[in-house]
Amino acid sequence: MRLLNRSAGRLSRHRRSPLAGLLVILAGLLLTGGIFTAVANTTAQADQTASNEELVAKGRALFLVSCSFCHGQNGEGVSTENGNQLGPSLVGVGAAAADFQLSTGRMPMAQPGAQVPSKPEAFDDDEIAALSAYVASLGPGPAIPDESDYSIEGLSDEERQAAIARGGQIFLTNCTACHNFQGSGGAMPRGGYAPALHETSAKNIYQALLTGPQNMPNFTNGNLSPEEKRDVIAYLYSLRDMPEYGGFGLGGLGPVPEGMAAWLFGIGLCVGAAVWIAAHTTRSNKKKVDAA
Amino acid sequence: MDTSKVASSNTTTAATASKPKRIGAVATWADERLGLAGLAKKNLRKVFPDHWSFMLGEIALWSFVVLLLTGVFLTLWFTPSMGEVQYNGTYEQLRGVHMSEAFASTLRISFDVRGGLLMRQMHHWAAMLFVASMMIHLLRVFFTGAHRKPRELNWVIGCLLLILGTLEGFTGYSLPDDLLSGTGVRAADGFIKATPVVGTYMSFFLFGGEFPGESIIPRLYVVHVLLLPGLLLALIAAHMLLLVYHKHTQWPGPGRTEKNVVGYPMLPVYAAKAGGFFFIVFGVTALLASLLSINAVWKLGPYDPSKVTAGSQPDWYMGWPDGALRIMPGIESEFWGITISWNVMLPILVLPMLMFVILLLLPFLEAWITGDKREHHLLQRPRNAPTRTALMVALMTMYGLFWAAGGNDILAIKLHASINEITYFLRGAVFVGPILAFIITRRWCISLQRKDNETLLHGYETGIIMRSAEGGYSERHLPLPDSKAYTLTARDRDPVVDGFEVDAADANGLPAPGEGRIAALRHRLRTLWYTDNVQKPSQAELEEGHHHSEHEHELQEPLDGRAADGHQFDGHHLVDDESLRH
């Protein structure tokens, strides 16, 4: 008790200090804030559910206007009379698929064709979130990946370097056959193509691996673990950061542009030089002959 | 010859031996031991004619020199071994990856050897230029008729150089053991195996067992740095010795005949021009190598049979057989348990061989068809041999279409087209395109011949429009200067192809030698070869033309001197004394 008294007394000595009022106010704020968060947590969760429902409702409204013509009013897909699909069923494709298609501008589709091209997106981020939430509500499917899924920020330098090297080998084994060794893209049958990956965002690459859009195979977590997906993305990003060691890369398409450059620039310059050499011949006098 | 004993005077004063100069002393020393003076005296003043197209072969020669120089640099660090190592060099993205020593040393040259990447890229660009310049040189020779007697064998040597250069390129492309080169070697293995019956044996022999084995890189290395460069050097030497022996061809013109060469001597003019051209070719190669990335092996990674990349193409000179392979429909048949893969064998083994044999035989085929056994040192303009020109353009068209087929995937993504439809189109185009090109080129040449005759007979167009008193307009034509008219007419008239009877017999009732079915074919080909060609005007026609134009001049005389000013500078006459007339 004496101990308490003594320390209270010591504290009390500072009660008229200029900082005392400030400290008391801070302590009061911390206390009330702490109690409020502890109590209000449950209500916030309830809010989130409510807002998710709102989001789904908003998404459904957008969906009915922009997507239902091909995908059906409940996302069940529309089949034509001869059995072709106008739009596939979206049940179970997950928010990741919807977010990928919408945020790369592939959906809504401008016209049917060999492949849906990427274009400027038609919806803003909130609308994409709402539409994705609605598609996710149709059935269980992969969720939109979190940044922590595809970022190597948390790793040490050595781990990062190892992840990039591992990702490079995974990329060269699984992806280059279609996307080219540098991610410059390649041709697929009947007008299809594997798009270039030079500007695709990490999130979109992760989603594409997860959901396998269009011609692309689906790399489930079973055959390419989340870490391996992350490593592939890390490798692709390391290529972007890497300087072009050999000079201008000619589009990273392999020997075809190299051959063109050899003929157009190499042979062009050499033949031009030959013409120049043949056109300029000896003068017996060092002075230029005056034309006049 | 000892010049120190030559008299310094031929006048009345006594001759004194001049003091030998230092260079003369050195030259004498060397000549006494090597006997080069006679050779040098003859050849240092050897005359070469001046034309830009005569320097195309030089591009090949100088890029070969660049290849030798950079190649020697690369051999200092390259390890031709397929032994497996773990990479621990500078390039981070591959650190820790297992690869062959060949690939690891290529990475080392690229990232750790000072100037190594530049040398690698110069070597590769020079290789591309080497084969390309051989091809444009070949085209120039053929289009101008420089392959005719006595130069047929030099044509054959040139063709061998072309195919050896291509093989040299392919072996070099395969050495770094990156993903592309490994894919190329894998494809070559498939081509070899497509040879009926002996294919697998040949493949096992080449690879020292099952593909890929451990021997292919060391073997290709020996071929690339020893065997093929040796052959190339020997053939280049033979090619150039024959060039010196035959003397260079020249364009026809005043003072130029089949028996002389008009131009500049080797020393000092051509030594300077050719020597300077070496530095230009070297400079172009260095420029390309320092600005443009070629074969970025670090991005491709080491070869691994389980990997392949989109855009796997060979270097451009192997692109056309690859294209033929890409558009070939998949046909194969089986006889007594042996599978014949026509889809691989025809486009890769048969077609290139066939094209090469045709190329080798072109001068002999032409000589056989035309029956021309004379020596030719004056060149022909392409238009004056319409069938020959059209034949080569047809071959070029075919080459170009196969080439396009070799890049069908790149065409598809860059043109947003369907790779299937490009393939279907090219399947037809490689047959139809050359025929169309042949017809168009031939008619084009004949039209140009007509244009030449028109100019010879009626003069060139001055661009001066005259108005007659009646108000009619006409363009004034002026006769060509004599030297130009000479140049245009300095060509042979095509032989007249007489009627031919298969059963023609001599007085004894025996068929004349060489007359039979083959002779009939030859006769038909010869007729086709010359059909519709336009001959140069005869003396009488020329005189008639001149007479006509003189008459025209008389009619226009009152208007003379009233031409729009400036037309005197029409490029057809010397204008030293001309000035604007005002």
Residue within the range A:185-196 that is at the interface with chain B (Cβ under 7 Å from one of its Cβ atoms) and of a type in the set (D, E, K, R) present: yes
Just one listed residue, out of A:236, A:224, A:250, A:210, is free of Cβ contacts under 8 Å to residues at least 60 places away in the same chain and either acidic (Asp, Glu) or under 20 Å from residue A:149 (Cβ atoms) (or both), and it is A:224
Taking residue B:19, is it without any contact (Cβ under 8 Å) to a residue 24 or more places away in the chain, part of a helix (DSSP H, G or I) and of a type outside the set (Gly, Ala, Ser)? no
If you take the residues in the range B:44-99 that are touching a strand residue (DSSP E or B) at 6+ places or on another chain (Cβ under 7 Å) and under 30 Å from residue B:249 (Cβ atoms), which one is surrounded by the fewest Cβ atoms within 10 Å (Cβ to Cβ)? B:45
Restricting the first residue to the range B:82-95 and requiring it to be away from every other protein chain (no Cβ under 14 Å), which pairs with a second residue that is in a loop (DSSP other than H, G, I, E, B) meet a Cβ separation below 6 Å and a spacing of at least six or different chains? B:82/B:214
I'd like the full set of residues that are within 11 Å of chain A (Cβ to nearest Cβ) and either crowded, with 22+ Cβ neighbours inside 10 Å or over 8 Å from the mean Cα position of the chain (by Cα) (or both), limited to the range B:135-146. B:137
Could you look through the range B:331-385, keep only residues that are charged (D, E, K, R) and under 20 Å from the mean Cα position of the chain (by Cα), and pick out the one that is farthest from residue B:520 (Cα to Cα)? B:381
Within the range B:340-360, is even one residue farther than 30 Å from residue A:269 by Cα, in contact with a strand residue (DSSP E or B) (Cβ under 8 Å, 6 or more places away or on another chain), away from chain A (no Cβ under 14 Å) and not aliphatic (A, V, I, L, M)? yes
Within the range B:283-294, restricting attention to residues that are more than 7 Å from chain A (Cβ to nearest Cβ) and of a type outside the set (Val, Ile, Thr), which residue is surrounded by the fewest Cβ atoms within 10 Å (Cβ to Cβ)? B:283
State yes or no: is residue A:260 within 11 Å of chain B (Cβ to nearest Cβ) and either at pLDDT 95 or above or farther than 30 Å from residue A:118 by Cα (or both)? yes
Looking at A:244, A:227, which is the one that is over 30 Å from residue B:286 (Cβ atoms) and either of a type in the set (Val, Ile, Thr) or surrounded by fewer than 23 Cβ atoms within 10 Å (Cβ to Cβ) (or both)? A:227
State all residues of the range B:204-255 that are farther than 30 Å from residue B:101 by Cβ, surrounded by 15 or more Cβ atoms within 10 Å (Cβ to Cβ) and aliphatic (A, V, I, L, M); if no residue qualifies, say none. B:235, B:236, B:238, B:242, B:243
Of the conditions (1) free of Cβ contacts under 8 Å to residues at least 24 places away in the same chain; (2) touching a Pro at 6+ places or on another chain (Cβ under 8 Å), the single one that residue B:175 does not satisfy is (1)
Only one of A:221, A:215 is more than 7 Å from every other protein chain (Cβ to nearest Cβ), touching a Gly at 6+ places or on another chain (Cβ under 7 Å), part of a loop (DSSP other than H, G, I, E, B) and of a type outside the set (Ser, Thr, Tyr), namely A:215
Checking residue B:306 against (1) out of contact with any helix residue (DSSP H, G or I) (no Cβ under 7 Å at 6 or more places or on another chain); (2) farther than 24 Å from residue B:488 by Cβ; (3) surrounded by fewer than 18 Cβ atoms within 10 Å (Cβ to Cβ): exactly one of these is not met. Which one? (1)
For a quick check of your reading of the model, give me the residue pairs whose first member lies in the range A:159-184 and is at positive phi and facing chain B (nearest Cβ under 7 Å), whose second is crowded, with 23+ Cβ neighbours inside 10 Å and not aliphatic (A, V, I, L, M), with beta-carbon atoms closer than 8 Å and at least 6 apart or on different chains. A:180/A:186; A:180/A:254; A:180/B:309; A:180/B:311
Exactly one condition in (1) in a loop (DSSP other than H, G, I, E, B); (2) modelled with pLDDT of 90 or more; (3) surrounded by fewer than 16 Cβ atoms within 10 Å (Cβ to Cβ); (4) aliphatic (A, V, I, L, M) is not met by residue A:110; state its number. (2)
Kindly evaluate residue B:186 against the criterion of being of a type in the set (D, E, K, R) and surrounded by fewer than 19 Cβ atoms within 10 Å (Cβ to Cβ). yes
Would you mention how many residues in the range B:501-530 are touching a helix residue (DSSP H, G or I) at 6+ places or on another chain (Cβ under 8 Å) and at pLDDT 60 or above? 6
In the range B:432-461, what residues are in contact with a His (Cβ under 7 Å, 6 or more places away or on another chain) and over 19 Å from residue B:540 (Cβ atoms)? B:460, B:461
Out of (1) without any contact (Cβ under 8 Å) to a residue 40 or more places away in the chain; (2) assigned to a helix (DSSP H, G or I); (3) more than 13 Å from chain A (Cβ to nearest Cβ), the odd one out for residue B:114 is which? (2)
Breaking point among (1) modelled with pLDDT of 90 or more; (2) of a type outside the set (S, T, N, Q); (3) in contact with a strand residue (DSSP E or B) (Cβ under 8 Å, 6 or more places away or on another chain), for residue B:245: (3)
I want to confirm something. Restricting to the range B:232-279 and keeping residues that are away from chain A (no Cβ under 13 Å) and among the basic types (Lys, Arg), which single residue is nearest to residue B:43 (Cα to Cα)? B:247
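The values are calculated or read from the model by the stated rules, or taken from the named source; none is laboratory data. In this text the structure is predicted, and so the values were computed from the model without any measurement. Note that each Cβ is placed from the backbone with ideal geometry, even for glycine, and that neighbours are counted across all protein chains shown.
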